[in-house]
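Here's the structure, in structure tokens; my notes come after.
The values are calculated or read from the model by the stated rules, or taken from the named source; none is laboratory data. Since this is a predicted model, take the numbers as computed values, not measurements. Every residue, glycine among them, receives a Cβ derived from its backbone with ideal geometry; neighbour counts consider all protein chains shown.
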Protein chains: 4
Amino acid sequence: VNGFGRAFRINIFGESHGDCVGVVIDGCPAGIELSEESFAFDLKRRQGCRLGTTQRVEKDYPLLQSGVFNGKTTGTPIIISFQNQNIRSSDYKNQGEIPRPSHADFVAWKKFGGYHDYRGGGHFSGRLTTGLVAAGVIAKKLLSPLKCSATLLEVHGQSDAVSAALAAEKNKDSVGGIIECRTTPMPIGLGEPFFDSVESLLSHAMFSIPGIKGIEFGSGFAAANMYGSEFNDPIIDKEGRTQSNHSGGINGGITNGNDLVFRVVVRPTASIAKEQKSINLKTGASTTLYIQGRHDACFALRVPVVVEAMTAIVLSDFIIRGTKNYSGSLE
Amino acid sequence: VNGFGRAFRINIFGESHGDCVGVVIDGCPAGIELSEESFAFDLKRRQGCRLGTTQRVEKDYPLLQSGVFNGKTTGTPIIISFQNQNIRSSDYKNQGEIPRPSHADFVAWKKFGGYHDYRGGGHFSGRLTTGLVAAGVIAKKLLSPLKCSATLLEVHGQSDAVSAALAAEKNKDSVGGIIECRTTPMPIGLGEPFFDSVESLLSHAMFSIPGIKGIEFGSGFAAANMYGSEFNDPIIDKEGRTQSNHSGGINGGITNGNDLVFRVVVRPTASIAKEQKSINLKTGASTTLYIQGRHDACFALRVPVVVEAMTAIVLSDFIIRGTKNYSGSLE
Amino acid sequence: VNGFGRAFRINIFGESHGDCVGVVIDGCPAGIELSEESFAFDLKRRQGCRLGTTQRVEKDYPLLQSGVFNGKTTGTPIIISFQNQNIRSSDYKNQGEIPRPSHADFVAWKKFGGYHDYRGGGHFSGRLTTGLVAAGVIAKKLLSPLKCSATLLEVHGQSDAVSAALAAEKNKDSVGGIIECRTTPMPIGLGEPFFDSVESLLSHAMFSIPGIKGIEFGSGFAAANMYGSEFNDPIIDKEGRTQSNHSGGINGGITNGNDLVFRVVVRPTASIAKEQKSINLKTGASTTLYIQGRHDACFALRVPVVVEAMTAIVLSDFIIRGTKNYSGSLE
Amino acid sequence: VNGFGRAFRINIFGESHGDCVGVVIDGCPAGIELSEESFAFDLKRRQGCRLGTTQRVEKDYPLLQSGVFNGKTTGTPIIISFQNQNIRSSDYKNQGEIPRPSHADFVAWKKFGGYHDYRGGGHFSGRLTTGLVAAGVIAKKLLSPLKCSATLLEVHGQSDAVSAALAAEKNKDSVGGIIECRTTPMPIGLGEPFFDSVESLLSHAMFSIPGIKGIEFGSGFAAANMYGSEFNDPIIDKEGRTQSNHSGGINGGITNGNDLVFRVVVRPTASIAKEQKSINLKTGASTTLYIQGRHDACFALRVPVVVEAMTAIVLSDFIIRGTKNYSGSLE
């Protein structure tokens, strides 16, 4: 299933070295201003070509092919595609047979019976996040005045992310990091008890981003070392404002009006220039692998905008569904 | 939305102090042996009345009201309900107006316009997890020989969970903990790229359990301090076995055949016997709250079986969908 | 999949001769007045014990077990169950092996591997429509002031339904009929282009009712003999009122504000007292079958209230989703 | 919602006079041979430029932009788009204000607040069925050896469809018709009781095709005039073969192995060259409308291949889900 969302729904498609990658957005309201320029800022943030990130640069020019008329959304499906241009598939020849450690190569081979497009990770490539960022741009417009901001807190334990990334790169290695996302001002009442809790949907979305290995809301794992009397957030006004925010803005799966706060961890880039152990899937022989190609020493540098996008997508879906379980003709 | 799952789907219902709580299970295969006794062991694990947990004890006798015939599942929906008997609603009188900190009282009031059943947390009560555990019992049968085991690793930083819980209780306080869940042996190929990744669905399920505030797969948050050369799991045989398991058994969202491993954090119980600050929703006045009722000092003690249940439910759904994207007439 | 609906969702469960049948309703708004008496009128309409219908009479007393508090819906799942009491399972002994023509016996045997509850049709029984009618009662309250009315236009070609049914019964035979459903006043804008067209969802719902074999909207099949100049509905005012209503109140899948009108056909009751040909599934031998039990000569007499219920359920779902693709903060 | 399907899912996008129209297909198995030539035959059948159909001819060249590698499907999403080229938007100038009778113009205006692309029907155009046909081509490959065949039984009551269409055209009028679809050989056990009945899903799909106003399975509406003893299909062998097929190959919502047979009615083309009555949405004044542009006198001529496509899409979804409610490790 390559779709996500109930009321505001996205579907992504494409391969790293195919014709294009992109996204279809269903359920976007009519009347939102949108042009190809709207995407430039966030797409730029997702791109590589900065210290510590890959040298492959795609222009990432969004083709807005449906769902927009006279500069505004029409209410019907929006498709945004990105042509692939800067491709060096020769780098990827042997990946059909020798799976790269901690990549999707092995599982793709098994799941798709050898028919998958293995070039550059194919459909599993981080390049697919281009579509997520594009959908996020639209979702952010929908959310206004809510604002989602994700920042990279640390890389390999250091707050100076870039120097940590450069140090790893120098050593033919890679590093990961921790990203925090905060959304404010939050309406009260988004989310549902149990299965459509805000945490459930946000975590579902976050683990759709390649390389995320953990998520925590509010105090998160630190809560395991707190007493209830420390963790509980005293309520200080009728609007539900709390003195502390250990809950991260969510109680019982539902937003309580305080800032929505969570953190995700991004693993170190799987592609490293060092020698690694793997096996040949056809012969079964153990082998040594040197990964070619252009890769990020720390792709966590590029992920904050993807985290923001997925957050905005989830919140847009909730916003369209409403803060009450129904606020129609009954009131 | 109080349902979860695509091929194996559950819906829960009920309130803490209403007639009953329960679950409807849709998509369960025919022919699985099932009787009311099948549930006893796991329901017992979920129950309170142990050191550090609530004194309210329900018999938790499962009424298996449809979907079973001659001791086996029929393939049509199964409903399991639990009558509520041991109720002391008088304990909960004032919760309509004075929301308990870090409980769902405030958001329920806002979202449901004051119409919610506030007694004992109503539909937000941990009692609703009875239905999850019952559904998990069936899912575990379906999964066999896969086995999901969740254990409480620590409470308030201590491996001796019970003494940590008792210490907190003595002090009219509460504590949380960390639970690890491991499933083995795992088939290769469960899960989908992106939105139906195994991490996405498992985290979605975990955050449906009241009180979970974080989840991490494999090395999880520790990955932020690792180099790629440490984190990557060298592949050592044709079946995808890896030397280490920092990925927690998942690459690209898909199971790789190694053990599936994740951890969740359970916050301290929100209900504590200490005085707390809140406000009166009707008058807006600040007030002091003493929570009455019978509560767990550490409900994390009861959560492992719920974590197992939700894991089994998610994996059953994936198993029914298959490890290949389709293995029908094409092979 | 035994669930239906996006925003207002129902799940049904139970067997004809099991403990109970019933329905879980998810997504019902809070604050709707509801008691067990609310269901009496429509449940009565669904019941048998009239001329031409079965002699089996269940009391059909609805147990409202969750989702209602102080006489009003809470916004969380509502479960309504009906205990089975008036059962004569001895009538159904041989159905495990000899499938009744045009019943679900044969397909159930094949699909569920012989594990299904075959007594009285089991989960395929018309008795399951009790839950549909109950959910419809709630949906109708939600829809107000929209009113859905279904009437039996004809039975076996005659407008005097009862005499046609009695004539068939006398002859140990059965008959079907045609039901028309009209909803008024209709809001403009329910439904979506293509897959969530109003016709798509309504027909999906109608064919969930056992025994329905056809549906037509507006002029329906008669349109095949009309010219465009006859069929087209001239628009006569700004509110979209049309001079004729050959479209049945829907254009492009979306309601146009005129009455919503459709007809369904109900086949003759499959259970007849006459000798019929079948085979023994175990031996493969041809055999002659006499159906025992108490059956309707014309169950179409009981279906109008079920058609109304499913119509109200579909329209409630659309109403909750709104007449605009989004009517939130954008306007 | 512009998506349809559970295991085999399609999403369509585009506008008649925008950049392109197309479809994204999710859940298609890996390993199916596919090239741009695969679509030629069915796309040709959908095209106009025959007697009685529109003079607008698009080349309908399918761009297969993802999900195919080395001539075979990869198992990940397939996108197929069709560039729009032969556009004469000047024909459609006034449709923003004066809705064409029995078209979607009025409802689109109301639902999308005037932001919709009105040119040539925009997203409501029959041109969107290009994507349905393309998805159908893939679904048909998946279904093999099942074969879906739809034929136009009659136009305006005549079996000579073309002469009926030409007669109408000559008179500046339009006509509709009746299409029958038959699928054979059918497996036993596709479909589910109640909401995912084969009739429910097929009718849902059929009413997604613009202009369909009715559907009937097997004997359909004629059943209203039959006795049970006539309608019931005697079972004549262990494989469930029946002597007659009044049920259309479905009992209890589930396929019984006999041919799957249904008919749909296509209304006369809404766009006719005759003068029609409408109103100006801005001024409210009654007005007279002459529809310009190139239109089919009988678009029913082009619909059989769309009916086949949607049938194949629905059946593929069921096939992937399996004929048993689960045929995994239990057998």
Count of residues meeting criterion [within 11 Å of chain A (Cβ to nearest Cβ), in contact with a Pro (Cβ under 7 Å, 6 or more places away or on another chain) and either under 27 Å from B:Gly249 (Cβ atoms) or of a type outside the set (Val, Ile, Thr) (or both)] in the range B:134-176: 3
Conditions (1) surrounded by fewer than 18 Cβ atoms within 10 Å (Cβ to Cβ); (2) small (Gly, Ala, Ser); (3) within 23 Å of D:Gly252 (Cβ to Cβ): number failed by C:Ala222: (3)
Of residues in the range D:104-133 being facing chain C (nearest Cβ under 7 Å) and among the small types (Gly, Ala, Ser), the one nearest to D:Asp42 (Cα to Cα): D:Ala104
Of all residues making up the range D:33-52, the number that are in contact with a helix residue (DSSP H, G or I) (Cβ under 8 Å, 6 or more places away or on another chain), modelled with pLDDT of 95 or more and in a loop (DSSP other than H, G, I, E, B): 1
Some residue of the range C:71-87 being in contact with a Phe, Trp or Tyr (Cβ under 6 Å, 6 or more places away or on another chain), farther than 21 Å from C:Ile12 by Cβ, modelled with pLDDT of 95 or more and assigned to a strand (DSSP E or B): yes
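Just to verify a result, which residue in the range A:111-170, among those that are part of a helix (DSSP H, G or I) and among the hydroxyl-bearing types (Ser, Thr, Tyr), is surrounded by the most Cβ atoms within 10 Å (Cβ to Cβ)?
By that ranking, first place goes to A:Thr130.
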Residue in the range B:192-204 that is touching a strand residue (DSSP E or B) at 6+ places or on another chain (Cβ under 9 Å), in a helix (DSSP H, G or I), under 23 Å from B:Ile320 (Cα atoms) and of a type in the set (Asp, Glu) present: yes
Residue in the range C:180-194 that is nearest to the other protein chains (Cβ to nearest Cβ), counting only those that are touching a Leu at 6+ places or on another chain (Cβ under 9 Å) and surrounded by fewer than 24 Cβ atoms within 10 Å (Cβ to Cβ): C:Pro187
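Quick check, is B:Lys213 surrounded by fewer than 21 Cβ atoms within 10 Å (Cβ to Cβ), part of a strand (DSSP E or B) and at negative phi?
So B:Lys213 does not fit the description; no.
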Breaking point among (1) acidic (Asp, Glu); (2) modelled with pLDDT of 95 or more; (3) in a loop (DSSP other than H, G, I, E, B), for D:Glu58: (2)
Residues of the range C:211-224 satisfying the condition of being at the interface with another protein chain (Cβ under 7 Å from one of its Cβ atoms) and in contact (Cβ under 8 Å) with a residue 40 or more places away in the chain: C:Lys213, C:Gly214, C:Ile215, C:Glu216, C:Phe217, C:Gly218, C:Gly220
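Answer with yes or no whether A:Val265 is in contact with a Phe, Trp or Tyr (Cβ under 9 Å, 6 or more places away or on another chain), β-branched (Val, Ile, Thr) and facing chain B (nearest Cβ under 7 Å).
yes
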Qualifying positions in the range B:261-299 - closer than 30 Å to A:Gly214 by Cβ and assigned to a loop (DSSP other than H, G, I, E, B): B:Arg267, B:Pro268, B:Thr269, B:Ala270, B:Ser271, B:Ile272, B:His295, B:Asp296, B:Ala297, B:Cys298
Test for B:Phe106: is it of a type in the set (Phe, Trp, Tyr), at pLDDT below 95, buried (at least 23 other Cβ atoms within 10 Å of the Cβ) and closer than 24 Å to A:Ser247 by Cα: no
Filtered residue count, the range D:22-32, keeping only those that are away from chain B (no Cβ under 14 Å) and either part of a loop (DSSP other than H, G, I, E, B) or of a type in the set (Lys, Arg) (or both): 0
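Restricting the search to the range A:163-178, which residues are touching a residue at least 24 places away in the same chain (Cβ under 8 Å) and out of contact with any strand residue (DSSP E or B) (no Cβ under 8 Å at 6 or more places or on another chain)?
Applying the first criterion (touching a residue at least 24 places away in the same chain (Cβ under 8 Å)) to the range A:163-178 yields A:164-166, A:168-169, A:172-178.
Across the range A:163-178, the qualifying residues are A:Leu166, A:Glu169, A:Lys172.
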Some residue of the range D:303-325 being more than 24 Å from C:Ile212 (Cβ to Cβ), more than 9 Å from every other protein chain (Cβ to nearest Cβ) and at pLDDT below 95: no
Pairs where the first residue, in the range C:115-126, is hydroxyl-bearing (Ser, Thr, Tyr) and the second is surrounded by 24 or more Cβ atoms within 10 Å (Cβ to Cβ), C-beta under 6 Å, 6+ apart: C:Tyr115/B:Thr74
Within the range A:272-289, tally of residues that are at the interface with chain B (Cβ under 8 Å from one of its Cβ atoms) and in contact (Cβ under 8 Å) with a residue 12 or more places away in the chain: 7
Complete set of residues in the range D:225-253 that are crowded, with 24+ Cβ neighbours inside 10 Å, in contact with an Asp or Glu (Cβ under 7 Å, 6 or more places away or on another chain) and within 7 Å of chain C (Cβ to nearest Cβ): D:Gly228, D:Ser247
Which numbered condition B:Ser208 fails, given (1) under 21 Å from B:Phe194 (Cα atoms); (2) assigned to a loop (DSSP other than H, G, I, E, B); (3) more than 21 Å from the chain's Cα centre (by Cα): (3)
